[in-house]
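> Okay, handing you the structure first.
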């Protein structure tokens, strides 16, 4: 493959939202430290921060039940990333199918905000949820569809889990040569530093 990987712009945004939701709403380890999902009243605020750049195609009410719904979606999406990391596309596909079913995902063209029939520009936008879905259900459907397009396409191997010690945060690899291994520059630098220290410690005194 030559050149940088480019998903469809809308799908690329949804995949990044999936990454953000998984990394914010699943327990585990992050950058060498234990990570726990915010609980109670802090959970909606965590969701809001994770998807702060979403377009306004869904009513944006993120209360505790909505946040808990998205947390359950995030746990399922983590299984997709982990399965692809482990070389198990069958589990990834089965999990994505479950997400598509549970969220009621379906393609739909909606008129873009602030455009009329003669408004010029992009009049219609493709969404993957119904017009009356809640934010949590609609966003779950959209992220599930984006993962389905990735897992079912030639870029399935671009879904990854951080290779750094004591970190299990996920990422989408858009690098030129599919060489990304870490969720962040911090984890990449931490791993390089550890390797350097190991080499130095193992050398002549």
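> What's the angle, to the nearest 10 degrees (0 to 90), between helix 135-151's Cα axis and the longest principal axis of the chain?
Helix 135-151 sits roughly 60 degrees off the main axis of the chain.
> Compare 14, 149, 159 in a GNM of the chain, Cα atoms joined below 10 Å, and give the one with the largest fluctuation.
Between 14, 149, 159, it is 149 that shows the largest mean-square fluctuation.
> Now, a different point. For the chain, what does the helix formula give at 222 nm: sum of -39500 (n - 2.57) over DSSP H segments with n ≥ 4, over the residue count, nearest 500 deg cm²/dmol?
It comes out at -16000 deg cm²/dmol, rounded to the nearest 500.
> Mean-square fluctuation check for the chain, GNM, Cα pairs under 10 Å: which of 93, 74, 49 is largest?
Result for the chain, Cα springs under 10 Å: 49 fluctuates most.
> Let me ask something additional. Mind telling me which of 60, 106, 33 comes out most flexible in a GNM of the chain, alpha-carbon contacts under 10 Å?
Greatest mean-square fluctuation among the candidates belongs to 33.
> How tilted is helix 64-85 with respect to the longest principal axis of the chain? Cα atoms for both, answer in degrees (0 to 90, nearest 10).
Tilt relative to the chain: about 50 degrees.
> Then there is this: Per residue and in cubic angstrom, what volume does the convex hull of the Cα atoms of the range 83-193 have?
156 Å³
> Can you tell me the orientation of helix 185-202 relative to the chain, as the angle in degrees between its alpha-carbon axis and the longest Cα principal axis, to the nearest 10?
Taking Cα atoms only, the helix is inclined about 10 degrees.
> Defining a contact as two alpha carbons under 8 Å apart and six or more residues distant in sequence, what relative contact order in percent does the chain show?
Across the chain, relative contact order equals 26 percent.
Just so you know, all these numbers are worked out from the coordinates, no wet-lab data involved. Computed from a prediction, not measured in an experiment: that's the story for all the values here.
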